[in-house]
Structure formats: structure tokens, C-alpha cells
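Colleague: Quick one: structure below, then a few questions.
Bear in mind these aren't lab numbers, they're just calculated from the coordinates by the rules spelled out. On a predicted model such as this, the values are computed, not experimentally measured, just so you know. Every residue, glycine as well, gets a Cβ built from its backbone with ideal geometry; the counts of neighbours run over all protein chains shown.
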Amino acid sequence: MSTSTLAVAPLTTQDAEALIENARHAAEEAGVAVAVTVLDAGGHLLAFRRDDRAVLIAGETSTRKAFTALQLDAPTADLVDAVQPGGPFHTLPTALDRPLLFIAGGVPVHRDGPLIGAIGVGGGAPEQDHQFATAAVEALSRRIES
């Protein structure tokens, strides 16, 4: 009996740089200084950039948002209500050694279905960070398809 496994290309440093540039471009158009973190599927840092004008905490929040999106394979914007009192993930933010961050701005990255990494953006309002991260992932998907 033979089994075949469909190999999916991992997130590359070239992909990570494209994600950062696209997120930063979207943020610049909105006049927002941000930090952007890209993690691979194993949760390892693949790329990071913080604009000179971005608040210092933006680096930490972008990384934690990316980690949260990766671990739960969901945009952090979709998880905010789940950690409120009575929500299914109410105790999750304090249950792990590495803290999760349930603020919009983290988005998982998929290729042909499988999860290959995540991006996190910090520095703007949560809704803005989510828009910048989503725009970057959509631009990467268009680049991969063409």
C-alpha cells in the first residue's frame, strides 16, 4: 500500500519580507507607524520590522498577535469575544508559558490549505492592525497564485 503526501512549500524569507512590505505599505497609506512580525509554522521568528516612529510596545504586541493567530489558526480579531468572561477561551490568555494576545492584528497564513505561518501587526488601532495584516496576506496570496 502506498501513501502519498502532498508537500506544501513552507513560508520563505522572501514570503516574509513581502508580508512585511505589504503590511507596512498599507500602514503608511493610512499614516500609521507599525511593527510587523512574521512567524513560520513552527512559531519561529522569520522576519520583524518596526518603523522608527512606532511605539516601542508595538514590537511585542505584533509578535504576540502573530503567535496567537498561529497557535489557534485564526485571526485574533475573531477571538476577542472568546476570551471574555464566560467565553470558551476565558482562561487561555494565562494558561500558557508564552502569553497569547487577543487583540486584532494577528492573521494566520495558509498555502493551498495548510497553515504555514502567521503575521502580526501592532502600532495602530486594533481594527487598523487587522486591516494591514489582512492586506499583506491577501497580497501574498495573489503573488503566489500568479
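Colleague: I want to confirm something. Restricting to segment 81-107 and keeping residues that are small (G, A, S) and either touching a strand residue (DSSP E or B) at 6+ places or on another chain (Cβ under 6 Å) or part of a helix (DSSP H, G or I) (or both), which single residue is surrounded by the fewest Cβ atoms within 10 Å (Cβ to Cβ)?
Modeller: Filtering segment 81-107 for residues that are small (G, A, S) and either touching a strand residue (DSSP E or B) at 6+ places or on another chain (Cβ under 6 Å) or part of a helix (DSSP H, G or I) (or both), the one surrounded by the fewest Cβ atoms within 10 Å (Cβ to Cβ) comes out as A82.
For (1) in contact with a Pro (Cβ under 9 Å, 6 or more places away or on another chain); (2) more than 16 Å from T68 (Cα to Cα), each residue gets a yes or a no:
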{"residue": "P99", "(1), (2)": "yes, no"}
{"residue": "R111", "(1), (2)": "yes, yes"}
{"residue": "A125", "(1), (2)": "no, yes"}
{"residue": "Q131", "(1), (2)": "no, yes"}
{"residue": "R142", "(1), (2)": "no, yes"}
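Colleague: Quick check, is D112 crowded, with 19+ Cβ neighbours inside 10 Å and acidic (D, E)?
Modeller: no
Colleague: Restricting to segment 115-140, and then to whatever is in contact with a Ser or Thr (Cβ under 6 Å, 6 or more places away or on another chain) and not aliphatic (A, V, I, L, M), can you tell me which residue is surrounded by the fewest Cβ atoms within 10 Å (Cβ to Cβ)?
Modeller: That would be G122.
Colleague: Filter segment 59-80 down to the residues that are of a type in the set (V, I, T) and either surrounded by 17 or more Cβ atoms within 10 Å (Cβ to Cβ) or in contact with a helix residue (DSSP H, G or I) (Cβ under 7 Å, 6 or more places away or on another chain) (or both) and list them by number.
Modeller: Result: T61, T63, T68, T76.
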